[in-house]
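Remarks on the structure that follows.
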Amino acid sequence: MDERSNGDRVDCPHEPIVELKGVSKAFGENVILDRVDLTVYRGEALGIIGPSGTGKSTILRLIAGLMPPDEGEIYVKGQLRKGLIEDGRDPIGIGMVFQQAALFDSLTVDENVGFLLYQHSRLSRQRIRELVEDSLERVGLPGTADLYPSQLSGGMRKRVSFARAIIADPDDPTHTPEVLLYDEPTAGLDPIVSTVVEDLIRDLHRGNRYCSCGTYVMVTHQESTIRRTTDRLLFLYRGKVQWEGNVDELDMTENPLIRQFRTGSVSGPIRAAV
């Protein structure tokens, strides 16, 4: 039994769904991840926090299969992933919400949300349109399918990217997103819109009709997003996981890295990258 911070309970087996074992990643001489071990459990809301430039987004891209590790292994539902996402098919679907929404400006909302289905599925255009409209309804954007990104606010564009991440091909169970990855989903949004997005993330987690128990990994710097959307936290610094705990432990830990990160002090073990 897994208890959510908002009082809701979700029955999920406490089993690994994604595992990183001894994963390293460098860009040139810059080592971003140094033999990192990380486990994402089914049904959990995991937050990855830490200073800028410490590899948080890199971990999401590794989990999504968008880049390979230099060393180490990645397991998805117990199966070793070989190569990138286009080299093979994971046993589960993994959806990703990028920091800047990453919408195609020249395409309509319908074409953005249904992009992969239009390009790669055998579904009719009418059926894909129905799935698009259903996904938009779930993120609170009914009636927007024929608009262009330029006609949307920042918060609406972010929600369109959510709709794209959760859309599924009903004829292909491995396309169903059992894991969602969020890269700074509230960055650049005002506090009110951030609250709307945070509530949406929790609602999707509780009410995902396509899978029995939603799982997501969140990268964020925002205090409210950390506290309102995550249950377990990992603190990443200098390429390694330096602290792990429940979100409620943020205020109690004596770990100097966490204390400095929370207060934003320039004094402490974390050296700001400027």
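Which residues, counting only those in region 199-218, are buried (at least 21 other Cβ atoms within 10 Å of the Cβ) and at pLDDT 85 or above? Ile201, Thr215, Tyr216, Val217, Met218 - these are the residues of region 199-218 that are buried (at least 21 other Cβ atoms within 10 Å of the Cβ) and at pLDDT 85 or above.
When region 64-90 is filtered for residues that are hydrophobic (A, V, I, L, M, F, W, C) and modelled with pLDDT of 90 or more, the ones remaining, listed by number, are Ala64, Leu66, Met67, Ile74, Val76, Leu80.
Taken as a whole, the structure leaves Phe115 outside the set of residues that are within 26 Å of Asp90 (Cα to Cα), in contact (Cβ under 8 Å) with a residue 40 or more places away in the chain, buried (at least 18 other Cβ atoms within 10 Å of the Cβ) and among the aromatic types (Phe, Trp, Tyr).
Tally the residues that are touching a residue at least 60 places away in the same chain (Cβ under 8 Å) and either in contact with a Gly (Cβ under 8 Å, 6 or more places away or on another chain) or not β-branched (Val, Ile, Thr) (or both), restricting the search to region 51-99. Working first, answer last.
As a first pass, look at region 51-99 and keep what is touching a residue at least 60 places away in the same chain (Cβ under 8 Å): 51-57, 59-60, 63-64, 77-78, 89-99.
Now drop any that are not either in contact with a Gly (Cβ under 8 Å, 6 or more places away or on another chain) or not β-branched (Val, Ile, Thr) (or both), which leaves 51-57, 60, 64, 77-78, 89-91, 93-96, 98-99.
Matching residues across region 51-99 total 20.
Any chance region 138-153 includes a residue that's of a type outside the set (Lys, Arg), part of a helix (DSSP H, G or I) and buried (at least 19 other Cβ atoms within 10 Å of the Cβ)? Break it down into steps so the answer makes sense when it comes.
Of region 138-153, the ones of a type outside the set (Lys, Arg) are 139-153.
With the extra rule that they be part of a helix (DSSP H, G or I), the set shrinks to 149-151.
From what's left, buried (at least 19 other Cβ atoms within 10 Å of the Cβ): none.
No, region 138-153 contains no residue that is of a type outside the set (Lys, Arg), part of a helix (DSSP H, G or I) and buried (at least 19 other Cβ atoms within 10 Å of the Cβ).
Which residues, taken from region 93-121, are part of a helix (DSSP H, G or I) and either of a type in the set (Phe, Trp, Tyr) or touching a Lys or Arg at 6+ places or on another chain (Cβ under 7 Å) (or both)? If the condition is that a residue be part of a helix (DSSP H, G or I) and either of a type in the set (Phe, Trp, Tyr) or touching a Lys or Arg at 6+ places or on another chain (Cβ under 7 Å) (or both), then Asp110, Asn112, Val113, Phe115, Tyr118 are the ones that fit. Do we have any residue at all in region 160-181 that's within 17 Å of the chain's Cα centre (by Cα), surrounded by fewer than 19 Cβ atoms within 10 Å (Cβ to Cβ) and at pLDDT below 85? Checked against the condition, which is being within 17 Å of the chain's Cα centre (by Cα), surrounded by fewer than 19 Cβ atoms within 10 Å (Cβ to Cβ) and at pLDDT below 85, region 160-181 yields at least one hit. So, Gly188, is that one buried (at least 21 other Cβ atoms within 10 Å of the Cβ) and modelled with pLDDT under 85 or not? No: the conditions fail for Gly188.
For region 24-82, the candidate set comprises residues that are hydrophobic (A, V, I, L, M, F, W, C) and outside any strand (DSSP E or B); within that set, the residue that is surrounded by the fewest Cβ atoms within 10 Å (Cβ to Cβ) is Met67. Of all the numbered requirements in (1) in contact (Cβ under 8 Å) with a residue 24 or more places away in the chain; (2) under 22 Å from Gln222 (Cα atoms), Thr176 misses one, and that requirement is (2).
Is it the case that region 117-125 has a residue that's within 20 Å of Val179 (Cα to Cα), out of contact with any Phe, Trp or Tyr (no Cβ under 9 Å at 6 or more places or on another chain) and modelled with pLDDT under 95? Break it down stepwise before answering.
Here is the first cut: in region 117-125, the ones within 20 Å of Val179 (Cα to Cα) are 117.
Those left that are additionally out of contact with any Phe, Trp or Tyr (no Cβ under 9 Å at 6 or more places or on another chain): 117.
Within this subset, residues satisfying the condition of being modelled with pLDDT under 95 are 117.
Yes, that holds for at least one residue.
The values are calculated or read from the model by the stated rules, or taken from the named source; none is laboratory data. Just so we're clear, the structure is a prediction, and the values are computed from it rather than from any experiment. Cβ sites come from the backbone with ideal geometry, for glycine too, and all protein chains shown count toward neighbours.
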